[in-house]
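Heads up, the thing below is written out as structure tokens.
The values are calculated or read from the model by the stated rules, or taken from the named source; none is laboratory data. Small disclaimer: the values here were computed from a predicted structure and weren't measured. Every residue, glycine among them, receives a Cβ derived from its backbone with ideal geometry; neighbour counts consider all protein chains shown.
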Amino acid sequence: MEEPIIQLRGITKVYRVGVETIHALRELDLDIHRNEFVAIMGSSGSGKSTLMNMLGCLDRPTSGEYRLGSRLVSSMKPDELALIRNVDIGFVFQSFELLPRQTALENVELPLMYSATAGGFRARRARAAAALERVGLGNRMDHRPNQLSGGQKQRVAIARAILSNPKILMADEPTGNLDTATTGEILALFTQLHREGQTIIIVTHENDVAAHCRRVVRLRDGRILSDLPAEEDPEVASHVAGAREAQAARLAAAGAAA
Amino acid sequence: MSARGTGSAPRGGLSGFFFLKTIGMALSQIWANKTRSFLTALGIIVGVASVTAVIAALTGLKTKVLTEFESVGAARLYVFPNRPDNVPRSKIPWEKCRLRIEEARAIADQCPSLKGISPLVDITLSVESDTQLIEGMSITGIWPAWHDAIGRKVLRGRPFTQIDVETARQVALVNEAAVEELSLDEAGSGGIGSHVLLGGRRFLVVGVVETLQARMFGMNSSQAEIFVPFSVAEKLLEGWYFMQFVAIARSPEVAEEAKAEIEYVLRRQRGLTKEDPDTFRVAAIDQFINQFKSLASGVTAIAGGIVGISLLVGGIGIMNIMLVSVSERTREIGLRKAVGATSSAILLQFLLEAVTLTLLGGLVGLVIGKLMALSLTFIPGANLEQADVPPWAIAVALVFSAGVGVLFGMWPAYKASRLDPIEALRHE
Ligand SMILES: Nc1ncnc2c1ncn2[C@@H]1O[C@H](COP(=O)(O)OP(=O)(O)O)[C@@H](O)[C@H]1O
Ligand SMILES: [Mg+2]
């Protein structure tokens with residue numbers, strides 16, 4: 001089998017708050033391969049965000065080893081981590097994090113500001129435009145965030161995240177601020193990106209969202225509780241079954257009414 | 001996919017794109033908070049504008065004075081009465097210091113390096129022509145050598161002659177302004193042959209001299225001047241009066257020699273012994289220039305102090321506004337770090353923002369200062385026609401403005417650069 005692009009070995013994260021020590025992650029081992037589509041689930045406080053920040057190189061473990069591709073990022077210096085975030089990782093946040101005064105195109109361009117090797121002005125612009133096309137916003141390039149709907153904002157954020165063809169696309173509760181219809185739209189976009197070969201990790205507490213993923217990792221108290229293909233995860237499976245029944249019932253009702 | 005060498009150390013760096021974007025964003029930030037930015041930059045604007053105007057005025061005055069001095073040449077000498085320092089008033093009374101006309105005669109006779117000498121004595125009198133009356137006009141008593149010593153020839157008519165002085169003829173020279181103000185040109189002769197009444201005596205106008213553009217020292221609102229032979233002026237004088245001499249050396253090269261000769265003659269005239277200090281002063285033109293230059297640099301230093309204080313005040317304003325900006329944009333900083341900004345990139349970005357603001361303030365200040373300098377040139381009689389902002393002042397103003405941005409933007413920028421991205425992104 002191919003080498004995993006993410007290898008976590010014995011990852012521990014300890015926070016000290018006053019005299020208390022909080023074990024946010026305990027001796028965690030995890031492998032993620034190229035083109036996987038992983039949901040990280042768990043109750044509030046189980047360590048999802050901590051794990052995500054670690055994977056996204058925003059944070060470093062208290063102990064343990066993190067390999068991204070062939071590189072040991074758990075021992076890198078801050079500036080090296082910044083470069084990894086710039087090139088190898090794409091982040092999508094729950095609250096979009098777009099700069100209000102910048103157009104969609106300028107927002108997407110943002111990571112290129114911190115890259116010395118992204119080519120000239122035109123090349124950068126063209127890359128940002130291509131990323132916006134990929135998320136279906138080719139016709140909204142000059143709109144500012146306040147001229148966009150919630151779903152469109154999150155697409156701009158996704159375009160920004162995939163701009164540099166990152167090794168991993170990470171999203172922490174990407175649909176947390178969106179309504180059901182828009183959630184479906186964004187999940188469809190993730191599914192499409194996954195089909196195009198993108199490795200994706202999504203943090204969520206909604207089974208609905210996890211159902212679109214291929215693999216579900218459940219955390220509890222900083223440990224991995226279960227790690228199963230989505231269709232084998234009992235909660236996700238029962239949710240999908242429930243949704244199917246509801247769909248069928250709705251269709252039947254519609255049929256009866258007609 | 002970004003295919004990168006496994007062993008090679010990751011290399012960061014900033015591109016021209018970074019600087020362009022940063023400055024663009026700084027400008028849009030300034031534009032979005034127009035009022036706030038303006039108020040913040042006000043200290044710098046006012047400081048730069050006022051110092052620019054002061055420097056422009058001084059530069060103009062200097063050019064004017066120097067060209068005026070140079071045009072008369074370096075051969076001119078002035079003689080003043082002067083009480084020596086550190087000597088009690090009672091020991092050397094004024095009577096022993098003041099210049100006498102015999103002394104001028106002695107100098108004229110006994111100084112081979114001198115081309116000519118003239119006393120100068122001012123009397124204030126009311127002047128009457130056939131149609132006009134002017135109160136409190138300045139009348140100067142002179143000798144014929146005055147034309148050479150001061151460098152003012154007659155435009156029309158004739159200069160004073162030795163005969164005018166020796167026979168105390170009631171003749172007068174007037175300048176163009178006096179012709180104008182006293183309406184002396186009624187007969188169409190340009191004023192020559194007309195008469196003026198001075199202190200009850202009737203004077204024949206024999207010559208007209210050029211009007212100086214504003215007198216060097218003193219700011220009489222009227223530029224009219226009337227000159228009479230010294231011997232006549234003496235009769236108009238009552239009691240105490242102040243006299244000085246103006247002399248001209250044969251050439252600028254012998255000016256120093258001429259000065260020494262005058263000093264020698266005067267000391268002998270006054271019977272001063274070796275130990276006695278001079279009771280007069282002979283000043284060459286360079287001394288005036290030097291005096292003026294040191295005055296000018298004194299004023300420049302004071303102006304520099306003022307600008308220093310206003311830049312300091314402006315700088316504190318900049319620091320305050322940048323701290324506010326950093327805290328307002330904490331989430332933005334978190335995001336920038338999340339997408340790959342290094343701490344030094346964030347530091348540089350906020351520094352550039354501060355510098356953009358201060359430089360803009362400096363530029364606005366320069367423009368206002370330039371306009372002020374321009375308006376100075378229109379003040380009549382202020383000797384500031386040549387007021388202009390010299391290039392070095394522009395450079396200094398801009399360098400200082402940028403320096404204030406760097407100095408006072410450093411702490412806020414450092415704070416921004418130290419923010420932890422995770423916490424910054426959680427910030428409300
Ligand atoms: N900066 C921090 N300081 C102290 N404790 C923290 C910090 N961040 C997270 N924690 C703690 O670590 C645990 C895991 O948090 P988190 O990863 O945010 O959970 P989740 O995202 O699953 O809700 C929680 O107990 C939380 O209180
Ligand atoms: Mg969380």
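Please work out if A:Ala131 is hydrophobic (A, V, I, L, M, F, W, C) and more than 16 Å from ligand 1 (Cβ to nearest atom). Reasoning before the result, please.
Details: hydrophobic (A, V, I, L, M, F, W, C): yes; more than 16 Å from ligand 1 (Cβ to nearest atom): yes.
Against the criterion (hydrophobic (A, V, I, L, M, F, W, C) and more than 16 Å from ligand 1 (Cβ to nearest atom)), A:Ala131 qualifies.
Say we look at region A:1-25 and pick out the residues that are within 13 Å of ligand 1 (Cβ to nearest atom) and charged (D, E, K, R); which of these is nearest to the other protein chains (Cβ to nearest Cβ)?
By that ranking, first place goes to A:Lys13.
Please tell me if A:His205 is assigned to a helix (DSSP H, G or I) and either touching a Lys or Arg at 6+ places or on another chain (Cβ under 9 Å) or within 16 Å of ligand 2 (Cβ to nearest atom) (or both). Let's see the steps before the verdict.
Values: assigned to a helix (DSSP H, G or I): no; either touching a Lys or Arg at 6+ places or on another chain (Cβ under 9 Å) or within 16 Å of ligand 2 (Cβ to nearest atom) (or both): yes.
Here the answer is no, as A:His205 does not meet what is asked.
Have a look at B:Leu125, B:Leu99 and point out the one that is in contact with a Gly (Cβ under 7 Å, 6 or more places away or on another chain) and of a type in the set (A, V, I, L, M). Even if it seems obvious, please write down each step before you answer.
Values: B:Leu99 fails: in contact with a Gly (Cβ under 7 Å, 6 or more places away or on another chain).
After ruling out the rest, the residue left standing is B:Leu125.
Would you mind stating whether B:Val339 is surrounded by 20 or more Cβ atoms within 10 Å (Cβ to Cβ), in the same structural domain as B:Asp420 (by TED's automatic domain parsing) and more than 41 Å from the chain's Cα centre (by Cα)?
In short, yes.
From (1) buried (at least 21 other Cβ atoms within 10 Å of the Cβ); (2) in the same structural domain as B:Gly369 (by TED's automatic domain parsing), pick out the condition that doesn't hold for B:Lys62.
Result: B:Lys62 passes all but (1).
Being in the same structural domain as B:Val46 (by TED's automatic domain parsing), closer than 20 Å to B:Ser310 by Cα and either outside any helix (DSSP H, G or I) or in contact with a Phe, Trp or Tyr (Cβ under 9 Å, 6 or more places away or on another chain) (or both) narrows it down to one residue among B:Val406, B:Val355, B:Val389, B:Val396; which is it?
Values: B:Val406 fails: either outside any helix (DSSP H, G or I) or in contact with a Phe, Trp or Tyr (Cβ under 9 Å, 6 or more places away or on another chain) (or both); B:Val355 fails: either outside any helix (DSSP H, G or I) or in contact with a Phe, Trp or Tyr (Cβ under 9 Å, 6 or more places away or on another chain) (or both); B:Val396 fails: either outside any helix (DSSP H, G or I) or in contact with a Phe, Trp or Tyr (Cβ under 9 Å, 6 or more places away or on another chain) (or both).
Only one candidate passes the filter, namely B:Val389.
Restricting to region A:26-79, and then to whatever is of a type in the set (D, E, K, R) and within 16 Å of ligand 2 (Cβ to nearest atom), can you tell me which residue is farthest from the other protein chains (Cβ to nearest Cβ)?
So the first thing to find is which residues in region A:26-79 are of a type in the set (D, E, K, R), and the list is A:26-27, A:29, A:31, A:34, A:36, A:48, A:59-60, A:65, A:67, A:71, A:77, A:79.
From what is left, the residues that are within 16 Å of ligand 2 (Cβ to nearest atom) are A:48, A:59.
Working: A:Lys48: 13, A:Asp59: 6 Å.
The qualifying residue farthest from the other protein chains (Cβ to nearest Cβ) is A:Lys48.
Look at B:Ser138 and say whether it is polar (S, T, N, Q), in a strand (DSSP E or B) and under 29 Å from B:Ala284 (Cα atoms). Don't jump to the end; show me each part of the working.
On the way: polar (S, T, N, Q): yes; in a strand (DSSP E or B): yes; under 29 Å from B:Ala284 (Cα atoms): yes.
In short, yes.
So, in region A:210-219, how many residues would count as being within 14 Å of ligand 2 (Cβ to nearest atom) and either part of a helix (DSSP H, G or I) or more than 20 Å from A:Gln94 (Cβ to Cβ) (or both)?
Final tally of qualifying residues: 0.
If A:Ile89 satisfies all but one of (1) farther than 30 Å from B:Asn33 by Cα; (2) more than 9 Å from every other protein chain (Cβ to nearest Cβ); (3) buried (at least 18 other Cβ atoms within 10 Å of the Cβ); (4) away from ligand 2 (no atom under 16 Å from the Cβ), what's the number of the condition it fails?
Every listed condition holds for A:Ile89 apart from (2).
Can you tell me which condition A:Ala118 does not meet? The list is (1) in a loop (DSSP other than H, G, I, E, B); (2) within 16 Å of ligand 2 (Cβ to nearest atom); (3) in contact with a Phe, Trp or Tyr (Cβ under 8 Å, 6 or more places away or on another chain), and all the others hold.
Here A:Ala118 clears every test but (2).
Here are A:Asp172, A:Asp179: which of them is within 16 Å of ligand 1 (Cβ to nearest atom) and among the charged types (D, E, K, R)?
Values: A:Asp179 fails: within 16 Å of ligand 1 (Cβ to nearest atom).
Answer to the check: A:Asp172.
Looking at region B:303-349 only, could you name the residues that are β-branched (Val, Ile, Thr) and either free of Cβ contacts under 8 Å to residues at least 60 places away in the same chain or within 14 Å of chain A (Cβ to nearest Cβ) (or both)?
B:Val324, B:Thr330, B:Ile333, B:Val339, B:Thr342, B:Ile346
If A:Gly136 satisfies all but one of (1) outside any helix (DSSP H, G or I); (2) at pLDDT below 95; (3) within 12 Å of chain B (Cβ to nearest Cβ), what's the number of the condition it fails?
Going through the list (1) outside any helix (DSSP H, G or I); (2) at pLDDT below 95; (3) within 12 Å of chain B (Cβ to nearest Cβ), A:Gly136 breaks only (3).
Output the residue which, of all residues in region A:111-124 that are of a type in the set (A, V, I, L, M, F, W, C) and surrounded by fewer than 23 Cβ atoms within 10 Å (Cβ to Cβ), is farthest from the other protein chains (Cβ to nearest Cβ).
Kept after step one, since they are of a type in the set (A, V, I, L, M, F, W, C), are these residues of region A:111-124: A:112-113, A:116, A:118, A:121, A:123.
Applying the additional criterion that residues be surrounded by fewer than 23 Cβ atoms within 10 Å (Cβ to Cβ) yields A:116, A:118, A:121, A:123.
On the way: A:Ala116: 3, A:Ala118: 7, A:Phe121: 6, A:Ala123: 10 Å.
Filtering region A:111-124 for residues that are of a type in the set (A, V, I, L, M, F, W, C) and surrounded by fewer than 23 Cβ atoms within 10 Å (Cβ to Cβ), the one farthest from the other protein chains (Cβ to nearest Cβ) comes out as A:Ala123.
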